[in-house]
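Data first, discussion second: the structure below is written as structure tokens.
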Amino acid sequence: MPMFLISIILLTAWFSFARKRASSLQAEKSETFWENESKANNTRKTSLECLDYITIPLNLRSISNDCKDSFVVEYCNKLNMLSEKKIVNLTGISNTDLKSNYGTANLSILTQYDQNFTDLAQTLNNLGKRLYELDERSLSINVLEFAVSCKSDISHTYKLLSKLYIDTNQPEKIEDLKQTASSLNSLMKQSILRYLESVK
């Protein structure tokens, strides 16, 4: 039998095996997922008192008292509205895990808490950026540092804050940013870390 024909037969057999193996693994993953989902759906509602709720500092919400820029006023108004809501960073936690830990009945409200966090992270990033544009560096740093302390995963927040640290002769604080970034439960984690490692 010609060697090339043997090669084709072997290659076909290998592809067939690989395809079946992949299908088997996918089936196992699917079965595990639905088993976990079924258990999660049967989890009873639990107390949410243990969650790490975020409180927005008054000094950040009142920046517009001294800075009357229209964008700053808008962002501070948004922060004041958010301060009346419950905010929890649930980034990277699946709905299945949320249901398993807190009960299916709490999923809707937990989703809202997490959406409030997303709104907070975006608002803080926008406010920090605007203050930087207005050359209010100290205020910008305060806003962005709070965003990082809440474990925001918006890359621009880390990029701008690292730039501000360099511009204000505080490059040693970039190490703190790296530590926070390394603890993120987010798909943006590695991208943020790579950027911070490149900062000189």
Consider only pairs whose beta carbons are under 7 Å apart and that are at least six residues apart or on different chains; among these, list those whose first residue lies in the range 80-108 and is at positive phi and whose second residue is hydroxyl-bearing (Ser, Thr, Tyr) and not in a helix (DSSP H, G or I).
Gly92/Ser186; Gly103/Thr43; Gly103/Thr46
Considering the range 89-105, residues that are under 18 Å from Ile54 (Cβ atoms) and among the polar types (S, T, N, Q), and then whichever is surrounded by the most Cβ atoms within 10 Å (Cβ to Cβ), we arrive at Asn89
Considering only the range 58-113, state which residues are over 23 Å from Asp153 (Cα atoms) and among the small types (Gly, Ala, Ser).
Ser62, Ser64, Ser70, Ser100, Gly103, Ala105
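Condition check ((1) of a type in the set (A, V, I, L, M); (2) farther than 22 Å from Lys68 by Cβ) across all residues:
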{"residue": "Leu90", "(1), (2)": "yes, yes"}
{"residue": "Gly103", "(1), (2)": "no, yes"}
{"residue": "Leu110", "(1), (2)": "yes, yes"}
{"residue": "Leu120", "(1), (2)": "yes, yes"}
{"residue": "Leu127", "(1), (2)": "yes, no"}
{"residue": "Leu139", "(1), (2)": "yes, no"}
{"residue": "Cys150", "(1), (2)": "no, yes"}
Considering only the range 114-159, state which residues are in a helix (DSSP H, G or I), surrounded by fewer than 20 Cβ atoms within 10 Å (Cβ to Cβ) and more than 19 Å from the chain's Cα centre (by Cα).
Glu133, Arg137, Ser138, Asn142
Which of (1) outside any loop (DSSP other than H, G, I, E, B); (2) under 20 Å from the mean Cα position of the chain (by Cα); (3) surrounded by fewer than 16 Cβ atoms within 10 Å (Cβ to Cβ); (4) not aromatic (Phe, Trp, Tyr) does Met81 not meet, given it meets every other one?
(2)
Among the numbered conditions (1) at pLDDT below 95; (2) polar (S, T, N, Q); (3) within 17 Å of the chain's Cα centre (by Cα), tell me where Asn101 comes up short.
(3)
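The values are calculated or read from the model by the stated rules, or taken from the named source; none is laboratory data. Just so it is clear, the model here is predicted, and its values are computed rather than measured. As a convention, Cβ positions derive from the backbone with ideal geometry for all residues, glycine included, and neighbour counts pool all protein chains shown.
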